[in-house]
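See below for the structure under consideration.
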Amino acid sequence: METLVADIKFALRQLRKAPAFAIAAVLTLGLGIGANTAIFSVVQSVLLRPLPFADDERLVHIGHRDGVGVDDVRFSVSEAGDYQQQSKSFSGIAEYHSMTFTLVGYGDPDRLSTAVVSSSFFSVLGIRPVLGRLLLPGDDAMGTEPVLLLSHSYWVQKFNKDPSIIGRALQMNGRAITVVGVLPPLPAYPGKDAVFISLPSCPYRAGEFARTSRSFHLVQMFGRLRPGVSLAQAQADVATISARLHKEYPDAYAQFPSLDVPLVPVREALTKNFRPVLLILQGTVLLVLLIACGNLANLTLARLLSRQREVVLRAVLGADRGRLVRQLLTESTLLSLLGGALGLLLAYVSMGLLTSFAERFTARSSEVSFDFWVLLFAVGMSILTGLFFGTLPALQLTRQNLSNTLREGGTRATLGVGSNRLRELLVILQVAASFILLVGAGLTLRSVTKLQQVDTGIDSSNVLTMTITLPGSKYSEELPIRQFFDRLIEKLADRPGVVSVAVGNDTPVTAATLNPTFKIEGQPVLPMAEQPQLGFHMVTLNYFTTLRVPLRQGRSFNPADTDDTTQVAIINESLARRFFKPNENPIGRRIGLTSLGGGAWRTIVGVVGDIKQRGLDNEPGPSVYFPYGQAADGEGQLMVRTAGDPLTFLSEVRKAVREVDPEQSIANIQTLEQVRRALLAPAKLTATLIGLFALLAFLIAATGVSGVIAFFVNERTQEIGIRSALGASRGNVITLVLRQGLKLVTFGLILGGGGAILLTRLLRNLLFGVEPTDPATFVLIAVTLLAVVGIACLLPARRAARIEPIIAMRS
């Protein structure tokens, strides 16, 4: 221990003698270790930390696939009951679905995402309340009084943690509903639900159709594996039940014939979209740290030049090689620990940014925090980093013949050819690693640029959108639904600054929720399992005008399109192009939805341009539009095009809604530009982080090359002086020095190019419109790297050109 303390004191004295080196090393390590610690804090919180559910490793989501390209088709209520009764692999199976209801009775009415769950839901997930009770088996019985549990966040936000809320009666769906409990803080999974209600509390779930129809897919299922039952055994169990149900009820599975019922661990389901992004980012910052270690190893080798006499004298005075190596490792580890402390501070400061980043991908973003494991990771990373970048110079020292150096007076300004080769190898590896990161950053940035340039098929400027969900207890028929939206549109259209108003059943550019199968009159009707699907939309008269979607053929909807007239439809260009011959006119032909609407024929009266309805990165598919006058939905997306900033018209919209129905609320208020930015945000954030880390690596590598060239100039001072004395011009000297730097960069680019071709394939799922081996990106990054590193080498090159021959030869 005394020796260690002495080594630390000596290391501190040495660092005080070289403050520039110490500051540069601590800053470099702080950035590298801080980046790794920051990303690891997200990895630990999201991927490694247990879920806030009891025995979360036994929780699974019971999926369902339709066999025709759509994953996660939900189960019917009857089907869920069959699995609950027949499965022997689960200690419990719970059902869940989410709907939007208005809760009144405490302050302003709130339109809330509401989870409808069976009483077993909380016991299956292993959740205990912080106040009150959970649902009881008796709460599932039809006809019982509605009950409700509050999520922790909604209890805090709406009720200010008021414990007296337990037992209070509120109003939902025109009925009294009693608050019976408050849940603990939980991830927003399976949905971002503010409240949880019992099965009889939902008018749709309690209806006879939902309870008896096997073709009405409403619910998701979650199960808890029995102790000792593996996932494979449970998978075989549900596959047997699925085959049995398909045999007993063939008509119910005509549309969705697949027997596949995959089981996915809940932990995996929560992070499936975020895991590859996180692992790529963790690999990126590890490369940054390796580049930093290479740079510091070079700096340490350089310092050994100036400390060569000190090292030799210590050896003469009795210090063996092991003692000298230990001292060097102590200094490097001390530097790394100081850098780790700075990195920990930087990582902690970035927590807000990391949480915002994570919430774009996973419901576990609220759990991102620093804990013991993150601290341990930072300390461990600091120690390993210090040992890593200190070992190479220390090993290089052990290869030197100290007695020869002593005989020469310890005045040679070199540690030998091996040291030079090691420094050059480290620079080549730094350039290669930074090239890989820069190519990855370039590809993701180009991908984001491509996404930003995507034509969505609509003009999203100056359009305010919001969700209006009419309560089923008050608007159970299509006529009052139409009357509500007709009056609202009429009132808003008269407001100054409003250009046009429309309502649709979903928000453009976001994923469409209805994908029924269809048939076209005069074309062969395929079996149900093989029938094509389309996007289904119900829209008011000015829908296409408000979104500025071009009419390609025929006419748009008009006020005469009502229930009493011919049923009509408008299709998009993709449907017309795919299902009609090039010279065939679809106008006047008839189309019918076979899995929705009973297959009734509707006459096609128009063809409109394609709208990207399934996100920016998916091509528009076939879509059909029905007029609200013939098909209305109680949940509509109100869209208001304005002459100015649409958000300034929000108060007018609220006022108009209250004038039509004082009890009606609105939700999801945003502009279509905000919708587009939200879709772009995950890709932009990922590209930004990768770009920042790549830039950091590039700066470190450029500094490393410049430093090696500076030592090259220092070691060859006499040679440069002789060349100058023999007639070499300054241009010749600059070319000599630049050639040395560019040679290292070229080798690094060759090595990095091979690595980039292999590693950037991991980015394939994150890219849009760009191939992982995009030649333009590779060439542009390589040229930029050569140019910038060349500029970085120019300073030592110019210094070499100013060397006076007499002074150089005298030294």
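The values are calculated or read from the model by the stated rules, or taken from the named source; none is laboratory data. The model shown is predicted, which means the values in this text are computed figures rather than measured ones. Using ideal geometry, Cβ is built from the backbone for each residue, glycine included, and neighbour counts are taken over all protein chains shown. Side chains are part of the model used for accessible areas, which takes the heavy atoms of the whole protein and leaves out ligands, DNA and RNA. Shrake-Rupley method; radii C 1.70, N 1.55, O 1.52, S 1.80 Å.
Once the Cβ-Cβ distance between Arg798 and Arg677 is put in as r, and R0 is 51 Å, what FRET efficiency do you end up with, to the nearest 0.05? Intermediate results must be reported in sequence, preceding the final value.
On the way: r = 47 Å, r/R0 = 0.92.
Step by step, r from the Cβ atoms, then E = 0.65.
Let's test the formula: R0 of 30 Å, r as the Cβ-Cβ distance of Val156 and Ser476. What FRET efficiency results, to the nearest 0.05? Intermediate values should be presented prior to the final figure.
Details: r = 34 Å, r/R0 = 1.14.
Once rounded, the FRET efficiency stands at 0.30.
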* Structure fact -> If each part is reduced to its alpha-carbon centroid, the range 436-469 and the range 229-283 end up apart, in Å, by 31 Å
* Structure fact -> Total charge of the residues flanking Glu771 in space, meaning their Cβ is under 13 Å from its Cβ, with Lys and Arg +1 and Asp and Glu -1, is +3
* **Reciprocal of mean inverse Cα separation for the range 10-133 (Kirkwood radius, Å)** => 20.5 Å
* Shape of the range 501-639, Cα gyration tensor, a/c cut at 1.5 -> rounded
* Asked: For the modelled label position 7 Å from the Cα of Thr449 along Cα-to-Cβ, which residues of the range 754-796 have backbone nitrogen atoms closer than 17 Å?
  -> 767-785
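Rolling a 1.4 Å sphere over the protein heavy atoms, what is the accessible area per residue of the chain, to the nearest Å²? Don't skip to the end; give the middle numbers.
On the way: 35940 Å² over 811 residues.
Per-residue value: 44 Å².
Given a Förster distance of 41 angstrom, what is the FRET efficiency for Lys247 paired with Leu279, based on the Cβ-Cβ distance and rounded to 0.05?
Numbers: r = 42 Å, r/R0 = 1.03.
The value I calculate is 0.45.
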* To do: With a ≥ b ≥ c taken as the square roots of the eigenvalues of the C-alpha gyration tensor of the range 444-565, please select rounded if a/c is under 1.5 and otherwise prolate if a/b is larger than b/c or oblate if it is not?
  => oblate
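Per residue and in cubic angstrom, what volume does the convex hull of the Cα atoms of the range 622-706 have?
It comes to 200 Å³ per residue, whole-number rounded.
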* To do: Multiply the residue gap between Asn585 and Ile750 by 0.36 nm, knock off their C-alpha separation, and tell me the result in nm, one decimal place.
  => 53.7 nm
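In this model, which of Lys272/Lys684; Lys161/Lys192; Lys272/Lys450; Lys519/Lys581; Lys612/Lys684; Lys450/Lys612 are farther than 22 Å apart at the alpha-carbon?
From Lys272/Lys684; Lys161/Lys192; Lys272/Lys450; Lys519/Lys581; Lys612/Lys684; Lys450/Lys612, over 22 Å: Lys272/Lys450.
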* To do: May I ask for the distance between the Cα centers of the range 323-371 and the range 589-651, given as a whole number of Å?
  => 49 Å
* **Globularity ratio of the range 67-217, using Cα Rg and 2.2 N^0.38 Å** => 1.06
* To do: Please give the net charge around Val499, taking every other residue with its beta carbon less than 14 angstrom from that of Val499, where Lys and Arg add +1 and Asp and Glu add -1.
  => -1
* Can you give the calculated 222 nm mean residue ellipticity of the chain, where each DSSP H run of n ≥ 4 adds -39,500 (n - 2.57) and the sum is split over every residue, rounded to the nearest 500 deg cm²/dmol? -> -16500 deg cm²/dmol
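Once whole DSSP H runs in the chain are found, which of them have Cα atoms spread over 15 Å or more along the helix axis and a mean Kyte-Doolittle score of at least 0.5?
On the way: long enough: 2-17 (23 Å, -0.09); 19-43 (35 Å, 1.82); 231-248 (26 Å, -0.10); 275-306 (47 Å, 1.59); 321-349 (42 Å, 0.94); 372-398 (38 Å, 1.71); 417-452 (52 Å, 1.00); 478-493 (22 Å, -0.04); 650-660 (16 Å, -0.23); 672-715 (63 Å, 1.35); 730-759 (42 Å, 1.23); 775-801 (37 Å, 1.80).
Within the chain the helices that satisfy the rule are 19-43, 275-306, 321-349, 372-398, 417-452, 672-715, 730-759, 775-801.
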* Asked: Cα to Cα, under 13 Å, and not fewer than 8 places away if on the same chain: which aspartates and glutamates meet these conditions relative to Lys9?
  -> Glu331
* Dividing the convex hull volume of the Cα atoms of the chain by its residue count, what figure in Å³ per residue is obtained? -> 215 Å³
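Full extension from Leu259 to Asp140: what is 0.36 nm times the residue separation minus their Cα-Cα distance, to one decimal in nm?
Numbers: separation 119, 0.36 × 119 = 42.84 nm, distance 2.88 nm.
Extra length available between Leu259 and Asp140 comes to 40.0 nm.
Given Cβ point charges of +1 (Lys, Arg) and -1 (Asp, Glu) and nothing else, what value in debye, to the nearest 20, does the dipole of the chain about its Cα centre take?
4100 debye
Label the range 220-276 by shape, choosing from rounded, prolate and oblate, from the square roots a ≥ b ≥ c of the eigenvalues of the Cα gyration tensor; if a/c is under 1.5 it is rounded, and otherwise prolate applies when a/b is larger than b/c, oblate when it is not. Walk me through the intermediate numbers first.
Working: a/c = 3.01, a/b = 1.53, b/c = 1.96.
Oblate.
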* Pairwise label distance in nanometres, Glu57 with Ala643, each label 7 Å out on the Cα-Cβ vector -> 6.6 nm
* Hey, if you put +1 on the Cβ of every Lys and Arg and -1 on every Asp and Glu Cβ in the chain, which of Gly588, Leu135, Val640 ends up farthest toward the positive end of that dipole? -> Val640
* Structure fact -> The relative contact order of the chain, taking Cα pairs under 8 Å that sit 6 or more residues apart, comes to a percentage of 16 percent
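Using a 1.4 Å probe on the protein heavy atoms, what percent of the accessible area of the chain belongs to carbon and sulfur?
Working: 21000 of 35940 Å².
Of all accessible area on the chain, carbon and sulfur atoms account for 58 percent.
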